[in-house]
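The block underneath contains the structure these notes are about, expressed in structure tokens.
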Amino acid sequence: MSQAVPLRSIQILRAIAACLVVFGHALHETAEIAVHSGRPPLRLDVIDWGFGVDIFFVISGFIMIYTTAELFAQPGASRTFLMRRIVRIVPLYWLMTAGLILTFLVAPKMLNVPIEGWRSIVSSFLFIPDLRGNGEVRPIMALGWSLNYEMFFYAVFAVCLLAPLRRATIYLAAFFVGISILGATVKFQSIALAYWTNSIVLEFLFGALLALACRAKFTIGPVAAWSLVALGAALAVALGPVWGIDQVLPRCVSGGLPAMLIVAAAAFGPRLSASWLVTPLVVLGDASYSLYLTHPFAIRPMRNIWMTLDGGRLPLALYVILCVGAGIAAALIVYRWIEKPMTDALRSRSTSRGERPRGFAAAQPQSAAVGG
């Protein structure tokens, strides 16, 4: 496990969050398989499976405060922080985006939404929210919608690093609460402003506040931790699509509140020791960014193969299980042979070019964004 990761439980939670997203996308693919084979689709709408992203956002806010607390008000901290975040997030995302652009040039029918032109390409690479041809505000790689929020959070966080920790936390809270109120009361004509002022940004703040409590040595026992997990899961169901409450409440409540409780359990609960179960999950947590970004490349071929070979005989539940397994296997390969070597090389190169701020060696923010 990376030394920068404060808790094995947080890494495991990253793995679970990524698997929730993969599971949800695999379920979505069964709808087309069901139409093709003339049978009912597999419906498991007990929660919004995109809830994994809410967990990621809370974890991101947590990790940024937890691993960079010594950097606040240090010379050069903002620049170093941003460089680390860019090195960690951008290369794999750009690589996946470039792959989709190449796919569009070679076989455009393979993409659900066509690439409209240079504006779409530039905005995708620069993490600027933009409107697609299907009416959604999404980059070329649709999963990158969450990274548009992540990079916005990093930019604001880098500015806050100029101040001491306590003052910076007040600035961070005031800014995100302020823009959330603004977004709820003002109808912006700018797509980017409307996007970044969505109250979902408060989920990063939830994680940051949890990190402050964690650094203050606040802890709970196993019974309390599991109770928080159960409460968070129950709220994710109660505030989710079962009764349509998620269509009434803002996402920071319907998804962010349950996610905050679950992350709190991982942050404040008993520390986990390495074991035959914990260690593999931590490894998957390390690869969660790869899992989040690359699983569509594993699931889509699985769907096409399944529709060709199945003929309506095999259970759709088996397809979902196989998709999750294929997504995990592909992610571990990508992480081991592409993401980690690429990130390590770029990190080493960027470190050798510039002086690190004081305290940086003890607090390197290594975790990925939507991936932690």
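Some points to look at:
- Matching residues in segment 53-67 - criterion: being more than 18 Å from ILE245 (Cα to Cα) and either touching a strand residue (DSSP E or B) at 6+ places or on another chain (Cβ under 8 Å) or not β-branched (Val, Ile, Thr) (or both): PHE56, PHE57, SER60, GLY61, PHE62, MET64, TYR66
- Qualifying residue in segment 41-49 (condition: of a type outside the set (Gly, Ala, Ser) and in a helix (DSSP H, G or I)): no
- Residues located in segment 169-191, provided they are under 29 Å from PRO91 (Cα atoms) and of a type in the set (Gly, Ala, Ser): SER190
- Some residue of segment 29-45 being among the hydrophobic types (A, V, I, L, M, F, W, C) and under 28 Å from ILE128 (Cα atoms): no
- Any hit, segment 94-106, residues being assigned to a helix (DSSP H, G or I), more than 15 Å from ALA142 (Cα to Cα) and open to solvent by less than 60 Å² (accessible area, probe 1.4 Å): no
- Cβ-Cβ contacts under 6 Å between residues 6 or more apart (or on different chains), taken from a first residue in segment 164-181 that is open to solvent by 40 Å² or more (accessible area, probe 1.4 Å) to a second residue that is not in a helix (DSSP H, G or I), are listed as PRO164/PHE72; PRO164/ALA73; LEU165/PHE72.
- Taking the numbered list (1) surrounded by fewer than 18 Cβ atoms within 10 Å (Cβ to Cβ); (2) touching a residue at least 12 places away in the same chain (Cβ under 8 Å) in turn, PHE204 passes all entries but (1).
- When the criteria are applied in full, CYS214 meets the requirement of being modelled with pLDDT under 95 and either open to solvent by less than 40 Å² (accessible area, probe 1.4 Å) or among the hydrophobic types (A, V, I, L, M, F, W, C) (or both).
- In the set (1) part of a helix (DSSP H, G or I); (2) closer than 21 Å to ILE47 by Cα; (3) in contact (Cβ under 8 Å) with a residue 24 or more places away in the chain, the condition left unmet by CYS214 is number (2).
- Of all residues in segment 13-32, those satisfying the criterion of being buried (at least 21 other Cβ atoms within 10 Å of the Cβ) and either without any contact (Cβ under 8 Å) to a residue 24 or more places away in the chain or more than 22 Å from VAL242 (Cβ to Cβ) (or both) are LEU13, ARG14, ALA15, ALA18.
- Among (1) modelled with pLDDT of 95 or more; (2) open to solvent by less than 60 Å² (accessible area, probe 1.4 Å), the one test that ILE338 misses: (2)
- Checking each residue in segment 137-163 for being open to solvent by 20 Å² or more (accessible area, probe 1.4 Å) and under 30 Å from MET110 (Cα atoms) picks out VAL137, ARG138, ALA142, TRP145, MET151.
- Every residue from segment 287-312 that is more than 18 Å from the chain's Cα centre (by Cα) and part of a helix (DSSP H, G or I): ALA298, ILE299, ARG300, PRO301, MET302, ARG303, ASN304, ILE305, TRP306, MET307, THR308, LEU309
- Test: residue in segment 186-193 that is buried (at least 20 other Cβ atoms within 10 Å of the Cβ) and part of a helix (DSSP H, G or I): no
- Residue in segment 324-333 that is over 29 Å from SER37 (Cβ atoms) and outside any loop (DSSP other than H, G, I, E, B) present: yes
- Filtered residues of segment 35-51 (kept if free of Cβ contacts under 8 Å to residues at least 40 places away in the same chain and of a type outside the set (A, V, I, L, M)): PRO40, ARG43, TRP49
- Unique residue being at pLDDT 95 or above and surrounded by fewer than 21 Cβ atoms within 10 Å (Cβ to Cβ) when the list is LEU281, LEU314, LEU309, LEU293: LEU281
- Number of residues in segment 217-256 that are free of Cβ contacts under 8 Å to residues at least 40 places away in the same chain, open to solvent by 70 Å² or more (accessible area, probe 1.4 Å) and part of a loop (DSSP other than H, G, I, E, B) equals 3.
- Where VAL263 falls short, out of the listed (1) over 16 Å from the mean Cα position of the chain (by Cα); (2) open to solvent by less than 50 Å² (accessible area, probe 1.4 Å): (1)
The values are calculated or read from the model by the stated rules, or taken from the named source; none is laboratory data. Not measured: the values here are computed from a predicted model. A quick note on method: Cβ atoms are made from the backbone with ideal geometry, for glycine too, and the neighbour counts reach across all protein chains shown. Surface areas here come from the heavy atoms of the whole protein model, side chains and all, with no ligands, DNA or RNA. Shrake-Rupley method; radii C 1.70, N 1.55, O 1.52, S 1.80 Å.
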